[in-house]
1. In what sequence, highest mean first, do 142-151, 179-188 appear when ranked by Cβ atoms within 10 angstrom?
2. Multiply the residue separation of residue 94 and residue 61 by 0.36 nm, subtract the distance between their alpha-carbon atoms, and state the gained length in nm to one decimal.
3. Can you compute the equivalent ellipsoid semi-axes for segment 2-50, i.e. the square root of 5 times each eigenvalue of the Cα gyration tensor, sorted largest first and rounded to whole Å?
4. Two decimals is fine: what is log10 I(q)/I(0) at q = 0.09, 0.11 Å⁻¹ for segment 1-133, from a Debye sum with one equal scatterer on every Cα and no solvent?
5. Sticking with the crude label model, points 7 Å out along Cα→Cβ, report the distance from residue 151 to residue 133 in nm, one decimal please.
6. Taking the chain as a Gaussian network, where each spring joins two C-alpha atoms under 10 Å apart, which residue of 84, 75, 31 fluctuates the most?
7. How large is the translational diffusion coefficient of segment 39-198 in µm² per second when you combine the Kirkwood radius over alpha carbon pairs with Stokes-Einstein at 20 °C and 1.002 mPa s?
8. Under the rule a/c < 1.5 gives rounded, and otherwise a/b versus b/c splits prolate from oblate, where does segment 104-176 land using the Cα gyration tensor?
Ligand code: GLN
């Protein structure tokens, strides 16, 4: 592994893998799909795409990558999870399936399909801390929200809530781990991927 020219994997068990490979390439990163533990060992960082977290969890166990993933996260590998990928990075989930496991790593509780009850899919202009004045276009598809975070977690973006608290957390960072409820890989705006690539380049 080298940090000069880091290689970023995209977990390719299920979900919108291709869109992330394209967005990472557009953010000047070397990117490749990762399905097996041997492939995971060869990358410096990983994106966990959007898709269906229950299926992704099952396949990660079946392909034998769940434990290697947990070990790499514990060892400090940078990981960015979008939507289902955010769920995979949560230490705790609500409204998951009984047998659903996560990789974990971010001290947060994430509620699956949380916006679904109000609004299955929607787009929203979201100010994103660290990305300047221009908001990102948040594309939400049966998206989770972050119900609560621990002390070490930085909140990077929130959206106004339809009910309950004033806002809902939709982007967080804890150390080398980044997660968004929404899908920047679908918008053609690669600033969030560039933010992650910078995280990878600065990781040690
Ligand atoms: N609802 C999905 C899940 O629980 C996530 C949706 C998405 O990734 N677009 O995994």
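We did not get these values from a lab; they are worked out from the coordinates using the rules stated. It should be emphasised that the depicted structure is a prediction, and the values quoted were computed from it without experimental measurement. Positions of Cβ are backbone-derived with ideal geometry, glycine not excepted, and every protein chain shown enters the neighbour counts.
1. Working: 142-151: 18.6, 179-188: 24.1.
Taking the mean over residues of other Cβ atoms within 10 Å, the ranking is 179-188, 142-151.
2. Numbers: separation 33, 0.36 × 33 = 11.88 nm, distance 2.00 nm.
Extra length available between residue 94 and residue 61 comes to 9.9 nm.
3. Working: eigenvalues 51, 42, 7 Å².
That gives 16, 15, 6 Å for the three semi-axes.
4. Relative scattering, expressed as log10 I(q)/I(0), comes to -0.27, -0.40.
5. Going by the 7 Å Cα→Cβ label model, 3.7 nm.
6. Result for the chain, Cα springs under 10 Å: 75 fluctuates most.
7. Numbers: Rh = 15.6 Å.
Using the Kirkwood radius from Cα pairs, D works out to 137 µm²/s.
8. Details: a/c = 1.76, a/b = 1.14, b/c = 1.55.
Verdict is oblate for segment 104-176.
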